[in-house]
Each structure stands twice: as structure tokens, then as C-alpha cells.
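Taking it in order: structure first as C-alpha cells, then the write-up.
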């Protein structure tokens, strides 16, 4: 388990990145999927009864041999950029 941030990153981005990670690991799917599901069904994010669950993009689960072994969360840019950076980080790690 690890957490890192760039200098000057505000508390909201830190908190959101951690919640994106938590959501992706807990649900074993991208955090943005939950937000899309909520929009598609008209449900509230409170459906999960967990204040840490978020529907913002940027949290991705990490799978090894089809088993979820963790997750990564990125926050501070647009949701699409956050998710792209998370995906790139997973790809780089797989190459090592």
C-alpha cells in the first residue's frame, strides 16, 4: 500500500484520489463505472451506503491472473485525464 502526491496538491484532490482507489478496489471495477450506473439508473451514490464510494473516473482496479490485488486512484485533472494516467501507471508497472 502506498500513497504519493505532488507538491502543492490540494486536500480535495488527495481525498478524492484515495476514495477513487478505495472504490475501484472494493468494487473490482473502475470507479467511473459506478457514476455511470448511478446516472443511467437515476440512483444516488448513497446506494452503496458508504461515504468513501465515489463515481468519479480515475480509480482503476489492478488485476494479476484475474485476481484483484489492489487499485490506483488519480485526481487533480479532468476525469478522463485522471483515468488515462491511472491506466498508464498500471501499464508501466506491468512492463517492469
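Read the figures in this text as sums done on the coordinates, not as results from a lab. These numbers come from a predicted model, not from an experiment. When we count neighbours, we look across all protein chains shown, and the Cβ atoms used for this are built from the backbone with ideal geometry, even at glycine.
From the C-alpha coordinates alone, can you work out the Kirkwood hydrodynamic radius of the range 45-96, in Å?
12.1
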**Q.** Length released on extending from residue 77 to residue 41, taking residue separation times 0.36 nm less the Cα-Cα span
**A.** 10.3 nm
Q | Rough spin-label spacing in nm, given labels placed 7 Å along Cα→Cβ, for residue 68 and residue 15 | A | 2.4
(Q) Please compute one quarter of the surface area of the Cα convex hull for the chain and express it in square nanometres. (A) 6.7
(Q) Connecting C-alpha atoms closer than 10 Å in a GNM of the chain, tell me which of 28, 39, 52 has the biggest fluctuation. (A) 39
